[in-house]
Amino acid sequence: MAEAPALIEAKDLALELPDMTARRGLGPRPLARILHPVSLTVRRGEIVGIVGESGSGKSSLGRTLLRLYRPTGGRLAFDGTDITHASEAELRPFRRRMQMVFQDPQSSLNPRHRIRTIVGAGLDLAPGAARGREDALVAALEEVGLEPALLDRFPHELSGGQRQRVGIARAIATRPEFVLADEIVSGLDVSTQAQVLTLLKTLARDRRLALAFISHDLSVIRNLCDRVVVMRAGRIVEEGACATLFAQPATPYTRQLLDAIPSPAPDPGWLTRGAVPPASTAIVR
Amino acid sequence: MTDPLLAIDGLSARLRKPLLRPLLRSVSLDVKAGEVHGLVGESGAGKSTIGKAVLGILPRAIEICGGAIHFAGEDLLRLPHRRLDAILGDEIALIPQDPMTALNPSRRIGDQLTDGLRLKRGMRGAALHARAVELLADVQIPEPEAVLKRYPHEISGGMRQRILIAAAFSLDPKLILADEPTTALDVTVQKEVLRLIRRMQAAHGTGVVFVTHDLGVVAQICDRLTVLYGGMVVEQGETATILASPAHAYTRALLAATPRHDQAGSGTTPIPPAVTAALATEVACYGMGPAAHG
């Protein structure tokens, strides 16, 4: 397969945010390092998995890629344009081209809005929005496998799987080139999860969408993504093609993560095998 | 053959309103002492409802309309309150799902851990403290003395779950109900916690009802399992047998829908509508039976 052009290019991206657990008198809070310099490229039509345990910085990295956070170091480019320090006004034209699907469709969809309003929110920001709005809405819903009749429903009238599809429809309605999906299947039953994964694969392929898929679940990543980055404590510890990384993890940490996944085939030795990582028993602070 | 510790026999439950919607349809299963029995199913399968029925903590909106829950020879559904009080939380304990919300944020770990020992055993003072230290050491918590004085927010999620396991075992119960105890944890922590539950349960000869939606977890910790759909038992038996050669189409579909890290191309086959449709018909017919004689 020929290398597709890079859409998102992050070079030595760093992020520091005020440390909410520390306080020095009345002055500003000291900064905590969230991302150590991290480099990542997402190409058109490619699904990149970002995996890590809680607190590894995977969501922070994702949100920085969308420029929801302002990086404190490094360089971030979208389709060749440097947006590292772009202002909100400068980012405006890019916003339509990069979208996000959220984890919990229950809380990320406004319960008082009809699906029509929710999915159309992004469209309304585009110039000449009124024209063809309805067509775009119907197209977005059909693309995620929902009946256009659902446009007049409220989120609570939908099942969990349908709600997550609405979240995806909302994201793709503006015809973005990059979509960030942050733990979007973790609340779903396996069957619904399988449907959503298949949908994402189709979207990435048919629309040449660049997709960053954040998950704590390596089994899901394995079966969805082309490439995967493994994060730990704000750093990328390993990166590679999915097939290679899962077959031959290069770092002990990735090995350890893979060994900790219970497989649905009984393995009498699994439970007692492997060292217990001591970190999780430590007292916080 | 030994008598089962827990024998659920034709248990049916329904929502009081609206419309008396059935939630459990004549569910039968048994758990022997020293055995881990998995309850598996998708959301709405009724796995937590069974657990809550055993613990006697069903919400008011749900009523039991048939069947029996035999525990150590007594029917929990027909026992006087006082006897029930002596059993629940004493001989039957719970390991809850979410270690973040199961502990009271404003009470010290030590006080919460020893609630059972104080209320049910009347332990006090130095003996109580010594037992608390022992309990934490049992679940491999370093510096137990220091941890007893901490508040829940000061320790990690994995450690909180260990505390809850220690509390569940504190009265040496015969049966423990583990309700998705590792769902909120990272994989490496999950493995530690599963290992701990298995070790404690084996050492004490405790029967465990293990509620989970994760077939991987079931495969590695449960001796036997019950697959549920729509409040109905779909398949039941030895874990190894069922996972190796599932007899029911639904179990096969559930396995096929589960992604595996050691198998490319798995987990992208949703459960075929025909499979669930067939079950839905079965479920609908079942609903008529138990409600009638309840």
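Descriptive notes on the structure:
- The residues of segment B:168-198 that are of a type in the set (V, I, T), in contact with a Leu (Cβ under 8 Å, 6 or more places away or on another chain) and within 12 Å of chain A (Cβ to nearest Cβ), listed by number, are B:T182, B:V187, B:T188, B:V193.
- Taken as a whole, the condition of being open to solvent by less than 70 Å² (accessible area, probe 1.4 Å) and within 30 Å of A:N223 (Cβ to Cβ) does not apply to A:T81.
- Test set (1) away from chain A (no Cβ under 11 Å); (2) touching a Leu at 6+ places or on another chain (Cβ under 7 Å) - B:G157 fails condition number: (1)
- The condition (being in contact (Cβ under 8 Å) with a residue 60 or more places away in the chain and within 28 Å of A:I8 (Cβ to Cβ)) is satisfied by just one residue among A:A77, A:A136, A:A140, A:A173: A:A77.
One line per residue, one yes/no per condition, for (1) at pLDDT below 95; (2) small (G, A, S); (3) open to solvent by 50 Å² or more (accessible area, probe 1.4 Å):
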position	(1), (2), (3)
A:L125	yes, no, yes
A:V138	yes, no, no
A:A149	yes, yes, yes
A:E177	no, no, no
A:E183	yes, no, no
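- Just one of the listed residues (B:Q201, B:Q112, B:Q97) is among the polar types (S, T, N, Q), open to solvent by 60 Å² or more (accessible area, probe 1.4 Å) and more than 10 Å from chain A (Cβ to nearest Cβ), and it is B:Q97.
- In segment B:3-52, residue nearest to the other protein chains (Cβ to nearest Cβ) [restricted to those that are hydroxyl-bearing (S, T, Y) and on the phi < 0 side of the Ramachandran plot]: B:S43
- Filtering segment A:143-170 to residues that are part of a helix (DSSP H, G or I) and either free of Cβ contacts under 8 Å to residues at least 12 places away in the same chain or of a type in the set (G, A, S) (or both) leaves A:P148, A:A149, A:E157, A:G160, A:G161, A:G167, A:A169.
- Inter-residue pairs, beta-carbon under 6 Å, first over 16 Å from A:R153 (Cβ atoms) and among the β-branched types (V, I, T) and in segment A:92-112, second modelled with pLDDT of 90 or more and assigned to a loop (DSSP other than H, G, I, E, B), 6+ apart: A:V101/A:I184
- Selected residue (only one of B:G237, B:G158, B:G216, B:G205 is touching a residue at least 24 places away in the same chain (Cβ under 8 Å), over 13 Å from the mean Cα position of the chain (by Cα) and over 19 Å from B:Q97 (Cα atoms)): B:G205
- Candidates are the residues of segment B:44-79 that are of a type in the set (V, I, T) and either in contact with a Gly (Cβ under 6 Å, 6 or more places away or on another chain) or outside any helix (DSSP H, G or I) (or both); the one that is surrounded by the most Cβ atoms within 10 Å (Cβ to Cβ) is B:I69.
- Residue in segment A:45-68 that is within 19 Å of A:A4 (Cα to Cα) and surrounded by fewer than 16 Cβ atoms within 10 Å (Cβ to Cβ) present: no
- Segment A:53-123 holds helices (runs of 4 or more DSSP H) entirely within its bounds, and those carrying 2 or more residues that are hydrophobic (A, V, I, L, M, F, W, C) map to A:58-65, A:88-95.
- Residue match in segment A:49-56 (condition: closer than 27 Å to A:A169 by Cα, in contact with a strand residue (DSSP E or B) (Cβ under 6 Å, 6 or more places away or on another chain) and at pLDDT below 95): yes
- Counting only residues that are farther than 30 Å from B:E42 by Cα, part of a loop (DSSP other than H, G, I, E, B) and open to solvent by 60 Å² or more (accessible area, probe 1.4 Å), segment B:143-188 holds 5 of them.
- Here A:Q103 fulfils each of the conditions (1) in contact with a Gly (Cβ under 6 Å, 6 or more places away or on another chain); (2) under 20 Å from A:L200 (Cβ atoms) apart from (1).
- The helices (runs of 4 or more DSSP H) falling completely within segment B:205-294 that include 2 or more residues that are within 12 Å of another protein chain (Cβ to nearest Cβ) map to B:215-221, B:239-244, B:249-257, B:273-286.
The values are calculated or read from the model by the stated rules, or taken from the named source; none is laboratory data. Everything numeric in this text was worked out from a predicted model, so none of it was measured. Note that each Cβ is placed from the backbone with ideal geometry, even for glycine, and that neighbours are counted across all protein chains shown. All accessible areas refer to the heavy atoms of the entire protein, side chains included, with ligands and DNA or RNA removed. Shrake-Rupley method; radii C 1.70, N 1.55, O 1.52, S 1.80 Å.
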